[in-house]
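Have a look at the structure below, then the notes.
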């Protein structure tokens, strides 16, 4: 099946670069001879006797090129209006399998943020009647990305409660834990953990553990400060946006000082390639919703 390719601008409008019925499309155009969807990396090495050891790896920016066939000059004008007079960034989506519909609300396709940096003013082809233009997209990221969110509001009892018939009312309750299994098909990445307390009670502290193959990461937050009901703890481990805040309405408080000060706890947990099992310790509190969002990254599709 032919790969599908489309653009989405800041307004959420979609331009299908490879429509199945070209002559009936309102914005008739077709993008052919696609090239540049792979990757290139630059290595710095150090020589150790007869071997070379990689000391630095830098992904390179590769332009995505092809030929655009417009049905008429009117379609060329509409394309310019769509991308914003070629001064704005758009998202270029690419599905090598050709199975994802550009307007699907269920699928999570791969994309790159790009700028249209070249569109030649072509002439009309006498055989096909289309205007043929060379086009160049300049990506603003080295990786293909796709956004994913995993959420759950179901708690799981780790063990039965231990109750002792003492003469005074005291008992040890069981821990409540929530498990999320995340498959990261790309490279090692950060993620955003959002924990909303809708229990009606304050949570003293929250812990979670992320396990992938032989890697285990620990996080502990809010000891001695607590998470009041109706508020959300957000811990973002993405390097460019790293933060830890408690949100309530349109306001938020920085809580970076309330992470566990212990070398065993990384606190800003990342997702490794493959299966990642994240276990949240929710004590005995019900009504907690947890959401983990992340952007997978791959070098080539």
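FYI, it's all coordinate maths here, none of it is from the lab. Please read these numbers as outputs of a predicted model, since none were measured by experiment. In this analysis, Cβ positions are derived from the backbone assuming ideal geometry, glycine residues included, and neighbour counts consider all displayed protein chains.
A compact table of results
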| quantity | calculated |
| --- | --- |
| Residue count for the range 78-91, restricted to those that are within 20 Å of the chain's Cα centre (by Cα) and within 14 Å of residue 136 (Cβ to Cβ) | 1 |
| Residue ranges of strands (runs of 3 or more DSSP E) in the range 183-301 with at least 3 members surrounded by fewer than 14 Cβ atoms within 10 Å (Cβ to Cβ) | 251-254, 274-281 |
| Checklist (1) within 23 Å of residue 135 (Cβ to Cβ); (2) more than 19 Å from the chain's Cα centre (by Cα) applied to residue 94, failing item | (2) |
| Enumerated strands (runs of 3 or more DSSP E) restricted to the range 37-150, each holding at least 2 residues that are surrounded by 14 or more Cβ atoms within 10 Å (Cβ to Cβ) and touching a strand residue (DSSP E or B) at 6+ places or on another chain (Cβ under 8 Å) | 64-70, 90-95, 110-119, 131-139 |
